[in-house]
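**Student:** Starting off with a structure, shown below.
The values are calculated or read from the model by the stated rules, or taken from the named source; none is laboratory data. This one's a predicted model, so the numbers in the text were calculated from it and none came from an experiment. Backbone-built Cβ (ideal geometry, glycine too); neighbour counts: all protein chains shown. Side chains included, ligands, DNA and RNA excluded: accessible areas come from the protein's heavy atoms. Shrake-Rupley method; radii C 1.70, N 1.55, O 1.52, S 1.80 Å.
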Amino acid sequence: MVGQSLEIVRTFDLSAVLVPLLPLVASALTLILGRKYFPQRPYILPVVSLFLSFLLSLKLLIEVLSGRIYEFDLYTWFVAGSLKVGFGFLIDPLSVMMLCMVTSLSLLIHIYSIGYMEGDPGYYRFFAYISLFTFFMLVLVSSNNLVQLYLGWEGVGLCSYLLIGFWYEKKSASDAAKKAFIINRVGDFGFALGIFAVFYYLGTIYYHEIFQRLPQIANSYVGIGDLEIHLPFLLAFLLFCGAMGKSAQVPLHTWLPDAMEGPTPVSALIHAATMVTAGVFMVARLHALFELSPYAMAMVALVGLITCFMAATIAPTQFDIKRVIAYSTLSQLGYMFMACGVGAFAIGMFHLFTHAYFKALLFLGAGSIIHALHHAPDPNDIRIMGGLRKFMPITFWTFLVASLSISGIPGLAGFFSKDEILVYAFFSKYPWGKLVWFVGLVVASLTAFYTFRIFFKAFWGEFRGLEALHGHLPKESPKVMTIPLIILSFGAIFSGWLGIPEALGGGAQFQRFLESVLGHPELQPVDHKVEYGLMVLSVLAGLSGIGLAYLVYVQKPALETLFSSKLCKLYTFLYRKWYFDELYHRIFVIPTLWLARTVVNLVMDAFIIDYTVNGSAHTTHAMAGLFRRFHAGLINYYNWFILIGIILYLIFINFK
């Protein structure tokens, strides 16, 4: 809830409108005119528009820091009975943080894409799509009501579909796009029901009115069959269905690893830094609703915990560099939900913020490697890499920064946000806080291990891809790709410095900034000696993962196959991703296809076509044959018909 120190301004603000509008205009012009008028430089309008949007976001940030927030409707979208929906904006600490993050990352990734996508037949189309995505994401985070949030929510889903299947000639890419679209529809159906239910029970879809009316339903129950369900839990559950789909949480997570079929800049922007964090943003925005139900908080924490652990166990078994990082994204999103599940919403958003920079850096670093190995049959395979630090020094150092940051090494961004999650979980008032802390600690070690598995396999030892590249040696990516890597590396280091905790001499300014909207979690008494001990444990967990990776992949490579050979069944279980895809294929895909074929063969073919279409044709043919007999041209037939007609007429007249 907004603190008393913030002044709410309800008048129109041009900057808030222009931030999302500029990328929309650039996308439309690029899509319509790009192919004909500037096919070689379709990036000009999107890049310029994103730069201006970023500057305007900084202007809004300064105004919010001065104690002013904006909330207004640009116009009334539609009115239906008591439902009034406007297209409006809410610029407060939470939304302005997201605006700055989205515009800065999108700008850097747009610039990176100039080099990465150069020469692609769909060059102009790519920039139109990715700029359109940025528009929808900015609408999502700046909306002041649930319906407009849903518009942005579905818009980023549409752009995700277009960009995952960007290379639609590849069957794997088109299949991955359809998979992402369908699975997200499952979650979004629940999300839509949640929005309907919020309006039905609270009579509004505007955030500030929802927060004002929540006390009315705090102790309300609804009957579903013989069950009495706590109303806040029901609303939170339905809304959280959307978060599970969009943020790829168990059981709606299987689309994200397959989404790596899209171009690498897409993976960095949509499937690591922005779109998949929409679920976390939505839960944080509606935190007051979730906090009304302990069961809703437990649900958020448990789903995040399972996803976090599951993804961290799968990642070490994969060989596609982007898939490993994708499972890392699943795991880190689980961290964010675990933070929300123990009431530390501001800390969850802090990790969302730092994660966006080091994860985008990891993906773009992987893209730089793939760009250098693009002549290989499978440039994503870490088994053909090795020794790349000699050929790609900038990529090497920036990838190292990202790897250290996600591993929670002190001084880098990931350390501050991840450590805060573990500390707040340990001292949480919720009984599952200690479990969240323990799983988070284990996953911290696994994260460091599989991240440095990529690092050592890609950059250490001798280059193993000479045969795959037909004798050609890789080389560093062009400056248009390496400069964004360098800038992002600063984000991977210093973004965490905005929230240095008080225990380390900082003022936790980032957390304080967001707590004016998200509140401060209720904690058990905090013992600073215990807090320092928890920090040491989290650092040791990260260092142990790095050390184990160095032992296995640098010092004693023979150990690499030890796990797969000694514990082959467990390894297969993890390599096959806990068999979720196979399970869904048997439960949903096969029955759906069987039902579809049954309906088509029995109902459509046998009944509708055979009996209706073909039957009507046979009936018409038979009737035509009958009437043809009456028009044979024989006068005797006609005389008989006339005589019979006269007799029937006389009978009818006499007996009328």
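**Student:** Out of the residues in the stretch 205-238 that are open to solvent by 10 Å² or more (accessible area, probe 1.4 Å) and in a loop (DSSP other than H, G, I, E, B), state the one that is nearest to Gly519 (Cα to Cα).
**Tutor:** My answer is Ala218.
**Student:** Return the pair list, or none, for Cβ contacts closer than 9 Å from residues in the stretch 536-555 that are within 23 Å of Phe459 (Cβ to Cβ) to residues that are open to solvent by 40 Å² or more (accessible area, probe 1.4 Å) and among the acidic types (Asp, Glu), at least 6 apart or on different chains.
**Tutor:** Pairs found: Val552/Glu560; Tyr553/Glu560.
**Student:** Identify all residues within the stretch 107-127 that are closer than 18 Å to Tyr161 by Cα, small (Gly, Ala, Ser) and surrounded by 24 or more Cβ atoms within 10 Å (Cβ to Cβ); write none if there are none.
**Tutor:** Selection gives nothing.
**Student:** Do the conditions hold for Gln318, that is, is it touching a helix residue (DSSP H, G or I) at 6+ places or on another chain (Cβ under 6 Å), touching a residue at least 24 places away in the same chain (Cβ under 8 Å) and open to solvent by 10 Å² or more (accessible area, probe 1.4 Å)?
**Tutor:** Numbers: touching a helix residue (DSSP H, G or I) at 6+ places or on another chain (Cβ under 6 Å): yes; touching a residue at least 24 places away in the same chain (Cβ under 8 Å): yes; open to solvent by 10 Å² or more (accessible area, probe 1.4 Å): yes.
Yes; evaluated as a whole, the condition is true for this residue.
**Student:** Tell me, which residue of the stretch 29-45 that is more than 17 Å from Tyr116 (Cβ to Cβ) and without any contact (Cβ under 8 Å) to a residue 12 or more places away in the chain is surrounded by the most Cβ atoms within 10 Å (Cβ to Cβ)?
**Tutor:** Ranking the candidates gives Leu33 first.
**Student:** When you go through Ala622, Ala617, Ala606 one by one, which is the residue that is hydrophobic (A, V, I, L, M, F, W, C), modelled with pLDDT under 65 and in a helix (DSSP H, G or I)? Write out each step before concluding.
**Tutor:** Values: Ala622 fails: modelled with pLDDT under 65; Ala617 fails: modelled with pLDDT under 65.
Answer to the check: Ala606.
**Student:** Separate question: Could you please let me know if Ala288 is over 14 Å from the mean Cα position of the chain (by Cα), among the small types (Gly, Ala, Ser), over 22 Å from Phe353 (Cα atoms) and open to solvent by 10 Å² or more (accessible area, probe 1.4 Å)?
**Tutor:** no
**Student:** For the stretch 357-377, name all the residues that are touching a residue at least 12 places away in the same chain (Cβ under 8 Å) and assigned to a loop (DSSP other than H, G, I, E, B).
**Tutor:** Result: Leu373, His375, Ala376, Pro377.
**Student:** Would you check which residues across the stretch 569-602 are open to solvent by less than 80 Å² (accessible area, probe 1.4 Å) and within 16 Å of Ala315 (Cα to Cα) and list them?
**Tutor:** Correct list: Tyr571, Thr572, Phe573, Leu574, Lys577, Trp578, Phe580, Asp581.
Yes/no matrix, rows are residues, columns are (1) at pLDDT below 95; (2) touching a strand residue (DSSP E or B) at 6+ places or on another chain (Cβ under 8 Å); (3) open to solvent by 50 Å² or more (accessible area, probe 1.4 Å); (4) among the small types (Gly, Ala, Ser):
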| residue | (1), (2), (3), (4) |
| --- | --- |
| Ser131 | no, no, no, yes |
| Met137 | no, no, no, no |
| Glu169 | yes, no, yes, no |
| Lys178 | yes, no, yes, no |
| Phe181 | yes, no, yes, no |
| Asn184 | yes, no, no, no |
| Ile195 | no, no, no, no |
| Gly203 | yes, no, no, yes |
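**Student:** Can you report the number of residues in the stretch 46-71 which are buried (at least 16 other Cβ atoms within 10 Å of the Cβ) and not in a helix (DSSP H, G or I)?
**Tutor:** 4
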